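One structure is given below, encoded as structure tokens.
The values are calculated or read from the model by the stated rules, or taken from the named source; none is laboratory data. Please read all numbers here as calculations on a predicted model, not as lab measurements. A quick note on method: Cβ atoms are made from the backbone with ideal geometry, for glycine too, and the neighbour counts reach across all protein chains shown. For the accessible areas, the whole protein counts, side chains as well, though only heavy atoms, and no ligand, DNA or RNA atoms are used. Shrake-Rupley method; radii C 1.70, N 1.55, O 1.52, S 1.80 Å.
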Amino acid sequence: QVQLVESGGGLVQAGGSLRLSCAASRRIFSIEDMGWYRQAPGRQRDLVASITHGGDTNYADSVNGRFTISRDNAKSTVYLQMNSLKPDDTAVYYCNLRRGAMNYWGQGTQVTVSS
């Protein structure tokens with residue numbers, strides 16, 4: 001089991017930046033990947049970015065070049081730096097830890113981008 005706690009969401013104007021953090025309650029093992037998903041009202045939860053223990057990253061096309069995912073394995077924390085934010089980025093952002101077929105989720109943090 002693991003608990004994930006997100007922080008860093010908020011209200012920002014279009015073009016601004018936010019940095020999300022997700023702290024895990026225990027050490028993250030090398031077989032566990034982490035990622036950020038988001039869900040806007042009335043829409044499904046979609047992958048934003050993911051990162052393996054070794055640091056390989058993957059991004060949704062809509063955020064590629066604007067968002068950067070990183071992780072600090074010593075602190076069991078994953079980050080999402082979001083730049084050049086757009087109103088379409090407005091959503092609840094969820095931290096995810098994946099271990100094989102098992103998925104663990106944080107409680108989510110709201111990001112609202114005003115135009």
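Solvent exposure of Thr57, expressed as accessible area, is near 70 Å², computed with a probe of 1.4 Å over the protein chains only. Note on Asp88: accessible area is roughly 130 Å² with a 1.4 Å probe, heavy atoms of protein only.
Once both labels are positioned 7 Å from their Cα atoms along Cα-to-Cβ, the gap between Arg27 and Ser62 label points is 3.8 nm. If you take the beta carbon distance between Gln13 and Gln44 as r and set R0 to 25 Å, what does 1/(1 + (r/R0)^6) give as a FRET efficiency, to the nearest 0.05? Approximately 0.40, to the nearest 0.05. Counting Lys and Arg as +1 and Asp and Glu as -1 over every other residue whose Cβ lies under 14 Å from the Cβ of Ser115, the net charge comes to -1.
A 1.4 Å probe run over the chain, with the rest of the protein chains in place, finds 53 Å² accessible per residue.
Give the carbon-plus-sulfur fraction of the accessible surface of the chain in %, rounded to a whole number; probe 1.4 Å, heavy atoms of protein chains only.
On the way: 2770 of 6080 Å².
Carbon with sulfur: 46 percent of the solvent-accessible area.
Counted by Cβ distance under 14 Å from Ala60, the other residues give a net charge of +1, where Lys and Arg count +1 and Asp and Glu count -1.
Summing +1 for each Lys or Arg and -1 for each Asp or Glu among the other residues whose beta-carbon sits under 13 angstrom from that of Leu97 gives +2. Applied to the stretch 11-21, the Karplus parametrisation 6.51 cos²θ - 1.76 cosθ + 1.60 on θ = phi - 60° returns per-residue 3J(HN,Hα) values of 9, 9, 7, 3, x, x, 10, 9, 10, 8, 10 Hz, with x for Gly and Pro.
Placing a label point 7 Å from the Cα of Gln1 along the Cα-to-Cβ line, the residues of the stretch 21-39 whose backbone N sits under 13 Å from it are 25-26.
Taking every protein chain into account, the 1.4 Å probe leaves Tyr94 with about 40 Å² of accessible area, to the nearest ten.
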